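Asker: I am attaching a structure below and will ask some questions about it afterwards.
The values are calculated or read from the model by the stated rules, or taken from the named source; none is laboratory data. Every value quoted in this text rests on a predicted model; they were computed, and no experiment measured them. Ideal geometry is used to build each Cβ from the backbone, glycine not excepted, and the neighbour counts take in all protein chains shown.
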Amino acid sequence: MLRGYADEHVSHAIIRSLRARGMDVASVTERGAQGRPDEVLLDEAISEERIMLTCDTDFLRLAGERRASGIEFAPIVFWPQQQRTVGKIVRSVIQVATNHTYADACSRVFFL
């Protein structure tokens with residue numbers, strides 16, 4: 001299963017639920033990295049071979065910029081903040097994390 005990196009906007013309930021299902025999830029908040037630029041967080045994710053877990057649309061902009069420049073980026077799993085239950089998000093993240101290799105998932109955005 002792929003490992004995750006949860007940005008500071010991801011709820012602790014989602015992180016706990018993913019961990020309970022066996023996913024290794026690092027948290028920006030737990031690392032004390034709140035306020036770091038999203039570019040830095042995305043670079044950390046790829047250097048650690050983690051998928052970026054987020055509901056922050058700034059990561060979508062970054063993905064577009066990097067794709068246009070031909071720069072590889074960490075896989076991004078994105079969901080809107082509204083209209084999603086914790087259970088649905090967790091099931092969808094686990095599905096992405098178990099159905100892809102890191103190489104296959106790189107430079108892709110998975111919309112939940």
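Asker: How many residues, within the range 97-112, are surrounded by 12 or more Cβ atoms within 10 Å (Cβ to Cβ) and either among the β-branched types (Val, Ile, Thr) or under 14 Å from ALA6 (Cβ atoms) (or both)?
Answerer: Residues meeting the conditions: 4.
Asker: Then there is this: Considering each of ARG50, ARG21 in turn, give the residue that is among the charged types (D, E, K, R), closer than 18 Å to LEU2 by Cβ and surrounded by 18 or more Cβ atoms within 10 Å (Cβ to Cβ).
Answerer: Going through ARG50, ARG21 in turn, the sole match is ARG50.
Asker: Are any residues in the range 72-99 in contact with a helix residue (DSSP H, G or I) (Cβ under 8 Å, 6 or more places away or on another chain) and assigned to a loop (DSSP other than H, G, I, E, B), and if so, which ones?
Answerer: Kept after step one, since they are in contact with a helix residue (DSSP H, G or I) (Cβ under 8 Å, 6 or more places away or on another chain), are these residues of the range 72-99: 72-79, 86-87, 89-90, 93-94, 96.
Passing the criteria: GLU72, PHE73, ALA74, PRO75, TRP79.
Asker: Suppose we keep only residues that are under 17 Å from PHE110 (Cα atoms) and not in a loop (DSSP other than H, G, I, E, B) within the range 26-55. Which one would you say is farthest from the chain's Cα centre (by Cα)?
Answerer: Looking at the filtered set, the residue picked out is ILE46.
Asker: Filter the range 43-63 for residues that are free of Cβ contacts under 8 Å to residues at least 40 places away in the same chain and touching a strand residue (DSSP E or B) at 6+ places or on another chain (Cβ under 9 Å) and give the result. Working first, answer last.
Answerer: At the first step, the residues of the range 43-63 found to be free of Cβ contacts under 8 Å to residues at least 40 places away in the same chain are 43-44, 47, 57-58, 61-62.
Those that are free of Cβ contacts under 8 Å to residues at least 40 places away in the same chain and touching a strand residue (DSSP E or B) at 6+ places or on another chain (Cβ under 9 Å): GLU44, THR57, LEU62.
Asker: Among residues belonging to the range 7-42 that are of a type in the set (D, E, K, R) and without any contact (Cβ under 8 Å) to a residue 12 or more places away in the chain, point out the one that is nearest to GLN83 (Cα to Cα).
Answerer: Per the criteria, the residue is ARG16.
Asker: Looking only at the range 100-107, decide whether some residue is on the phi > 0 side of the Ramachandran plot and either modelled with pLDDT under 95 or in a loop (DSSP other than H, G, I, E, B) (or both). Before you say what the answer is, go through the steps one by one.
Answerer: Of the residues in the range 100-107, the ones on the phi > 0 side of the Ramachandran plot are 107.
Checking which are either modelled with pLDDT under 95 or in a loop (DSSP other than H, G, I, E, B) (or both) leaves us with 107.
Among the residues of the range 100-107, at least one is on the phi > 0 side of the Ramachandran plot and either modelled with pLDDT under 95 or in a loop (DSSP other than H, G, I, E, B) (or both), which makes the answer yes.
Asker: When both residues are 6+ apart or on different chains and their Cβ atoms are under 9 Å apart, which pairs have a first residue that lies in the range 67-80 and is among the acidic types (Asp, Glu), and a second that is at pLDDT 95 or above?
Answerer: Matching pairs, first to second residue: GLU72/ILE46; GLU72/ARG66; GLU72/CYS106; GLU72/SER107.
Asker: Can you give me the number of residues within the range 64-96 that are within 11 Å of the chain's Cα centre (by Cα), within 18 Å of SER47 (Cβ to Cβ) and either surrounded by fewer than 11 Cβ atoms within 10 Å (Cβ to Cβ) or among the aliphatic types (A, V, I, L, M) (or both)?
Answerer: Narrowing the range 64-96 to residues within 11 Å of the chain's Cα centre (by Cα): 74-79, 93, 96.
Retained after the next criterion (residues that are within 18 Å of SER47 (Cβ to Cβ)): 74-77.
Right, trim to either surrounded by fewer than 11 Cβ atoms within 10 Å (Cβ to Cβ) or among the aliphatic types (A, V, I, L, M) (or both) and you get 74, 76-77.
Residues meeting the conditions: 3.
Asker: Taking VAL40, is it among the β-branched types (Val, Ile, Thr) and under 22 Å from LYS88 (Cβ atoms)?
Answerer: Answer is no for this residue.
Asker: Is there any pair linking a residue in the range 93-112 that is closer than 19 Å to LEU62 by Cα to one that is hydroxyl-bearing (Ser, Thr, Tyr), with Cβ under 6 Å and at least six apart or on different chains, and which?
Answerer: Here the result reads LEU112/SER92, each pair linking the range 93-112 to a residue that is hydroxyl-bearing (Ser, Thr, Tyr).
Asker: Read through the list (1) more than 20 Å from HIS100 (Cβ to Cβ); (2) modelled with pLDDT of 95 or more, then give the number of the only condition that GLY35 fails.
Answerer: (2)
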